[in-house]
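Report on one structure; see the data block that follows.
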Amino acid sequence: MQSLITLAADLARRAGHHARNGRAQGMQVVGTKLTDTDMVTKFDREAEAMIVEGLRAARPDDSIVGEEGGAHQGTSGVEWLVDPIDGTTSFMYGLPTWCVSIGARDADGGLVGAVYLPDLDEMFLAERSRGATLNGHAIRCSSITDLSKALVATGFSYTPAQRTVQSRRVTEFIHQIRDVRRMGAAAVDICFVACGRLDAYFEENLHAWDIAAAEVIAREAGALVGDYAGRPLRPAETLIAAPGVFDALSALLTAAQRKHPHS
């Protein structure tokens, strides 16, 4: 697995530097995805092409799934999930909370994860059963046990109707936690839980490439991972939290869901 984590880290750093340097030369939006506010830049596509090329060269038998369409069906049993720029809106606005996310998984789940934040020069890494690090130093999630003191991150859908329902759910329990943060990139939020900058994170309607790398990092840092009800994690519902507040936040989320279901 050492070769996997080294490869992921190298490609994440190279792609991140390419995107950051490119942005400094001028932003180029080349299209939208789900809605008019869900944008994609030329740097999303160039970064993904760099990563896919690097993976294919180093491990030609692995499968690859990329957010911007890069794909390869392999035979090794290892699958890479690539988000070349998670947090494109933050990237476009010059906010530092965007990242390159590269994860690998096999039949038993997540193998390795590399999440690189170029503007902060922070590299989060983890491999199964071997712990998680930030810039080479071991990290652990927070030891908080009082949900009222928990700093909780979330994200909202690009679809206006879904975003409205999600925001109404937050109003049901915002007075029962310390506060809410919105970074704009799932992988960043999850890594911040892993290193204790946040106590918990939840979001709906993600994709596998959004969470594949960061989930490994969070698990290896001691966080609990699941859906809102505490069942196995799925991109449709993601809850990642310090063990001491996971169950309590799960109860608040499921209660808010029942009160404000999606139409």
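Taking the chain as the reference, fit the longest principal axis to its C-alpha atoms, fit the long axis of helix 160-173 to the helix C-alpha atoms, and give the angle between the two in degrees, 0 to 90, nearest 10. Around 50 degrees separate the two axes. Counting Cα-Cα pairs of region 58-200 in 5 Å increments starting at 0 gives whole-percent bin shares of 2, 9, 15, 18, 18, 17, 13, 6, 2, 1, 0. Note on region 78-146: Kirkwood radius taken over Cα pairs, Stokes-Einstein applied at 10 °C and 1.306 mPa s, translational D equal to 119 µm² s⁻¹. To the nearest ten degrees, helix 208-220 and the longest principal axis of the Cα atoms of the chain are 70 degrees apart.
Each Lys or Arg adds one and each Asp or Glu subtracts one; over the other residues with Cβ under 14 Å from the Cβ of Thr254, this totals -1.
Note that region 147-259, at 37 °C in a medium of 0.692 mPa s, gets a Stokes-Einstein diffusion coefficient of 242 µm²/s from its Kirkwood radius over C-alpha pairs.
In the distance distribution for the chain, Cα-Cα pairs more than 27 Å apart total 34 percent.
Legend: P(r) of region 2-138 from all alpha carbon pair distances, 10 Å bins from 0, whole percents, reading 13, 44, 32, 11, 0. The angle separating the long axis of helix 243-259 from the principal Cα axis of greatest extent in the chain is about 70 degrees. Cβ under 14 Å from Gly244's Cβ, Gly244 left aside: what net charge do those residues give with Lys, Arg +1 and Asp, Glu -1? After counting each charged neighbour, the total is 0. Computed extension length for Asp146-Ser76: 20.8 nm, one decimal, from 0.36 nm per residue of separation with the Cα-Cα distance subtracted. Each of Ala107, Ile85, Val152 was scored by the projection of its Cα onto the charge dipole of region 78-174, and the greatest displacement toward the positive side belongs to Val152; charges sit on the C-beta of Lys, Arg, Asp and Glu. Of the peptides 66-77, 130-141, 231-242, the ranking by mean beta-carbon count within 10 Å, highest at the top, reads 231-242, 130-141, 66-77. Taking the charge dipole of the chain about its Cα centre, with +1 at Lys and Arg Cβ atoms and -1 at Asp and Glu Cβ atoms, the residue from Ile211, Gln162, Ala186 reaching farthest to the positive side is Gln162.
Simple rule: put +1 on each Lys or Arg Cβ and -1 on each Asp or Glu Cβ in the chain, find the dipole, and look at Asn21, Ile174, Leu134; the Cα lying farthest toward the positive end is Ile174.
Taking region 239-263 and a reference point 7 angstrom along Cα→Cβ of Ala161, the backbone N atoms nearer than 20 Å belong to 257-263. Rounded to the nearest 20, the size of the Cβ-charge dipole of region 2-138 about its Cα centre is 260 debye, with Lys and Arg at +1 and Asp and Glu at -1.
Each reported figure results from applying straightforward, stated rules to the coordinates on display, with no laboratory input. Everything numeric in this text was worked out from a predicted model, so none of it was measured. Glycine gets a Cβ as well: all are built from the backbone with ideal geometry, and neighbour counts include every protein chain shown.
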